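**Q** After the structure tokens below, expect a handful of questions from me.
The values are calculated or read from the model by the stated rules, or taken from the named source; none is laboratory data. For clarity, every value in this text was computed on a predicted model and none was experimentally measured. Methodologically, a virtual Cβ is constructed for each residue, glycine included, from the backbone with ideal geometry; neighbour enumeration extends over all protein chains shown. To get the accessible areas, we keep the full protein, side chains included, count just its heavy atoms, and leave off ligands, DNA and RNA. Shrake-Rupley method; radii C 1.70, N 1.55, O 1.52, S 1.80 Å.
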Amino acid sequence: VGSEMCIRDSYGHCYQYIIYQALERAEIATSVIDSCFNYLTEFAGLLRGISGRKATMQEVSDFRTKYKSRFIGGDDIDQIEKALISSSILRHEGGFLSFKYRYFFYFFSGKYLADGLIGGSIEKEEITNLIKTLHREESSNILIYITHHSKQPWVIEEIQISLLELFEAEEPATLSPESLSYIKDFVESLPDIVIEQRDLHNERQKEYQKQDRIEEAEKINHEEIDELPADNFLATINRLFKGIELTGQIVRNKYGSLEKETIRSLIRESYDATFRFLNYFIQTTESIKHEVVSCLEWMISKDEVDKSVIEKKAKNLFISLNYYLIFGTIIRISESVGTRAAMSLCYEIDEEIDTPAVSLVTIAMELQFLKKIDIKRIKKVYRGNDKNPAVQRILKEIVIRHTYLHPVEYKIQQQLSESLKIPSGRMRLASVDKAHNIG
């Protein structure tokens, strides 16, 4: 294990597999692996009470003494520690012992707390505190692994409650024409979207690079947000997006063991919490539009002197920020909660809620997780929003983004061109993807 792999968007069993592989590469006997896992779990419990998550040699010595008195495998603790260091799971450096990668610590902390739940110990209180501080990177990641290791229903119930409490005074946004009227002129002034001839490999590389930049920016933000109190506005927003990522992990990891209604409830509450936030954002930004535009004008005036140009640039920037936050939120919820296994439940929720917002999420999920281009659904959503140019524009961007990243048969491109009113003359020829489903 030479890099931090399978991080927040991966399954708990994926990371468990990586740890097993690391132990096998270090030629650790199969009979000893259980002892290694137990040692790492208990060691994570020790580090949870130590600032900086690094144990001094004195703390390690005390830990060893207690471990030997509790477990039969403790007699081999010296060999176990050497093996774990050689397999790059633990690191002995500068007089401290710690996990080499923080996600190993997250994984075994989750196991430590999940194991403690069986005995009804104080771990339950610790898990409740993790949920309250979900905006912090450590809390959110440990919770992912708790849900991987534990089948305790109250853990999921607490996560559901935390989502219900976010922006609870707001109604979920629907993205109706009335709610988006303030960005209508901006959207209509945007250049027409076309599907250009682009190289799939290059487009995918660009997308990967963009994701890398986003992850780097999020790492920097994590350091700042981790220090914020739980009731801070930015912490609340981060808690929302961490919460929907967490529910997505539960759905992906537990779809075979959780009841359908539980999974459905998790997805529905993730939708509602996300769209409550979006409604809050839309209403708030509209109410402070003049103040924000004035601030933007002041910033632009440093490089521009023509007052009319400054005003126009500021207004366009304000509206474009609004539009792309809405677009980004649609993509974020679809990527976080979507999964092939639960698409049938997403279809049920789509029919139940029946709003432009959820329709966009459903199409984005179909494209990403089923690789399915449902022409009938796309056409229905586009035509059903003929007085809602913002939704039509977002729909076009979602679909075209997909065609740039995946091969799409020329015939299907023509159908998309007709359905979304995109000039067919500039459509690109693409090789047929046998895995693609056409609806």
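**Q** Sort GLU158, GLU24, GLU137, GLU418 by heavy-atom solvent-accessible area, probe 1.4 angstrom, most to least.
**A** The residues order as GLU418, GLU24, GLU158, GLU137, largest area first.
**Q** How large, in Å, is the range 311-362 by the Kirkwood hydrodynamic radius built from its alpha-carbon pairs? Could the numbers behind the result be given before it?
**A** Values: mean 1/r = 0.0796 Å⁻¹.
Over the range 311-362, the inverse of the mean reciprocal pair distance is 12.6 Å.
**Q** Just how much of HIS290 is accessible, in Å², when a 1.4 Å probe is used and the result is rounded to the nearest 10?
**A** 140
**Q** Enumerate the amide H contacts of LEU90 below 5 Å, restricted to partners 5 or more residues apart or on another chain; note that Pro and chain-start residues carry no placed amide H.
**A** ILE85, LYS100
**Q** May I ask you to give the percent of accessible area on the chain that is carbon plus sulfur, with a probe radius of 1.4 Å?
**A** Result for the chain: 49 percent of the exposed heavy-atom area is carbon or sulfur.
**Q** Only Cα pairs within less than 10 Å get springs; with that Gaussian network setup on the chain, which residue of GLY95, GLY338, GLY73 has the largest fluctuation?
**A** Sorting by GNM fluctuation, first place goes to GLY95.
**Q** Follow-up. Would you calculate, for the chain, the mean residue ellipticity at 222 nm contributed by helices, counting each DSSP H stretch of 4 or more residues as -39,500 (n - 2.57) and dividing by all residues, to the nearest 500?
**A** Value at 222 nm, helices only, nearest 500: -22000 deg cm²/dmol.
**Q** Report, for the chain, the % of DSSP beta bridges that are antiparallel, rounded to 5.
**A** Here the share of antiparallel DSSP bridges comes out near 75 percent.
**Q** Taking a cut-off of 18 Å between Cα atoms, list the lysines near LYS260, but don't count ones fewer than 8 places away on the same chain.
**A** LYS151
**Q** Would you mind calculating the relative contact order of the chain from Cα pairs under 8 angstrom and at least 6 residues apart, reporting the percent as a whole number?
**A** After rounding, I find 16 percent.
**Q** Based on a Kirkwood Rh over C-alpha pairs, give the Stokes-Einstein translational diffusion coefficient of the range 6-138 at 20 °C and viscosity 1.002 mPa s in µm²/s.
**A** 138
**Q** Distance between Cα centroids, the range 374-388 to the range 47-121: provide it in whole Å.
**A** With the range 374-388 and the range 47-121 each reduced to a Cα centre, they are spaced 55 Å.
**Q** Calculate, for ALA169 and ASN202, the FRET efficiency according to 1/(1 + (r/R0)^6) with r their C-beta to C-beta distance and R0 45 Å; round to the nearest 0.05.
**A** 0.50
**Q** Same structure, new question: In Å², what does the accessible area per residue of the chain work out to with a 1.4 Å probe?
**A** Spelled out: the 1.4 Å probe surface of the chain, per residue, equals 50 Å².
**Q** Taking K and R as +1 and D and E as -1, what net charge do the other residues with C-beta under 9 Å from the C-beta of GLU138 add up to?
**A** +1
**Q** Here's something else I'd like to know. Report which label in (1) 74, 52, 42; (2) 89, 60, 41; (3) 56, 54, 45 holds the value of Cα extents along the principal axes in Å derived from the coordinates of this structure.
**A** The calculated read-out lines up with (1).
**Q** Also, I was wondering about something else. What lysines does LYS100 reach when the alpha-carbon gap must be under 26 Å and sequence neighbours fewer than 8 apart in one chain are set aside?
**A** Hits, sequence-local ones excluded: LYS54, LYS66, LYS68, LYS82, LYS111, LYS219, LYS242.
**Q** What lysines sit close enough to LYS184 to cross-link, taking a C-alpha to C-alpha distance under 21 Å and skipping anything fewer than 8 places away on the same chain?
**A** LYS289, LYS312, LYS313, LYS315, LYS379, LYS380, LYS387, LYS396, LYS421
**Q** Next question. Output wanted: per-residue J couplings in Hz (rounded whole) for the range 396-410, from phi through Karplus 6.51 cos²θ - 1.76 cosθ + 1.60, θ = phi - 60°, x for Gly and Pro.
**A** Per-residue couplings from phi come out as 4, 5, 4, 5, 5, 4, 5, 5, 6, 9, 9, x, 10, 4, 4 Hz.
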